[in-house]
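Note sheet for the following structure.
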Amino acid sequence: MPLNLFHEPPEPSIEPLVDGVALLRAFCRDDAPILLDSITNVASASPFRQMVVPSGHTMSVGMTNCGDLGWTTDRTGYRYTAHDPVTGKPWPPMPSALLDLAQRAANAAGFPTFTSNACLINQYAIGARLSLHQDKNEQDYTHPIVSVSLGLPATFLLGTLHRSDTPRRIRIEHGDVLVWGGPARLIYHGVAPITAGEHPLTGPFRINLTFRRVAI
Ligand code: MD3
Ligand code: FE
């Protein structure tokens, strides 16, 4: 393999990270401008906001949602709702570019019947982080979660089914897509604080989409 002296971005590839996790490097890099336009439209109707978790702490990540259901948290707990508690209106519908990407990624990772009905959109400013957690509010864990990273890079914390195990650190870049299914669906995971930088398409932010199938 020739030495990459020009630090070109990687070619699209699929690698199994651990059992149940497929890393689709650069899978949506070419779609990024239209994805980001779609996200801007969603956020113009349901703005990013920093939610409060049951402990009383305010999350450093700004969040919004699109689709039939959206993930929210407040002092009283985590849940999926059909309405945005800030606007009182239904969450914006899932833009077709987002829905289509989620289906193509799930299909590439071996989940051909996955159709997302809920997309959580996370906006990370410099220093924002997500501590180690499980995603347990969806009820049906046979469906995978598809995650899409745009803008500034991040270090994913990839844990196990046990919170106390030291997580692996995985560098994730603009355009990378991960599909978390089967035995990986309930692993602990998080995001290390975003380090300072500037991305041509998102400026000083990282955007992450997590596409889910939530029981109605
Ligand atoms: C593993 N988001 O929104 S995406 C989340 O980058 C969340 O914003 C992170 O964790 C982010 O809940 C990480 C990777 C991810 C998402 C969902 C998972 C990993 C997952 C669900 C189950 C197992
Ligand atoms: Fe999560």
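The values are calculated or read from the model by the stated rules, or taken from the named source; none is laboratory data. Here the structure is a predicted model, which is why all the values come from computation and not from measurement. Cβ sites come from the backbone with ideal geometry, for glycine too, and all protein chains shown count toward neighbours. With ligands, DNA and RNA removed, areas are computed over all heavy atoms of the protein, side chains included. Shrake-Rupley method; radii C 1.70, N 1.55, O 1.52, S 1.80 Å.
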Which pairs do you get when a residue that is in contact (Cβ under 8 Å) with a residue 60 or more places away in the chain and under 26 Å from F114 (Cα atoms), found in segment 138-164, comes within reach of a residue that is among the acidic types (D, E) and within 13 Å of ligand 2 (Cβ to nearest atom), reach meaning Cβ atoms under 9 angstrom, with the pair 6+ apart or on two chains? I145/D135; I145/E138
Filter pass, A105 being open to solvent by less than 50 Å² (accessible area, probe 1.4 Å) and within 13 Å of ligand 1 (Cβ to nearest atom): yes
Give the residue that is least open to solvent (accessible area, probe 1.4 Å), with candidates limited to residues of segment 112-134 that are in contact with a Pro (Cβ under 8 Å, 6 or more places away or on another chain) and either near ligand 1 (Cβ under 10 Å from one of its atoms) or not hydrophobic (A, V, I, L, M, F, W, C) (or both). A128
Which ones in segment 170-182 are away from ligand 2 (no atom under 16 Å from the Cβ) and farther than 21 Å from C119 by Cα? R171
Of the residues in segment 11-63, how many are aliphatic (A, V, I, L, M), more than 15 Å from the chain's Cα centre (by Cα), open to solvent by less than 60 Å² (accessible area, probe 1.4 Å) and modelled with pLDDT under 95? 2
Read through the list (1) of a type in the set (A, V, I, L, M, F, W, C); (2) closer than 25 Å to A32 by Cβ; (3) assigned to a strand (DSSP E or B); (4) touching a residue at least 40 places away in the same chain (Cβ under 8 Å), then give the number of the only condition that L132 fails. (2)
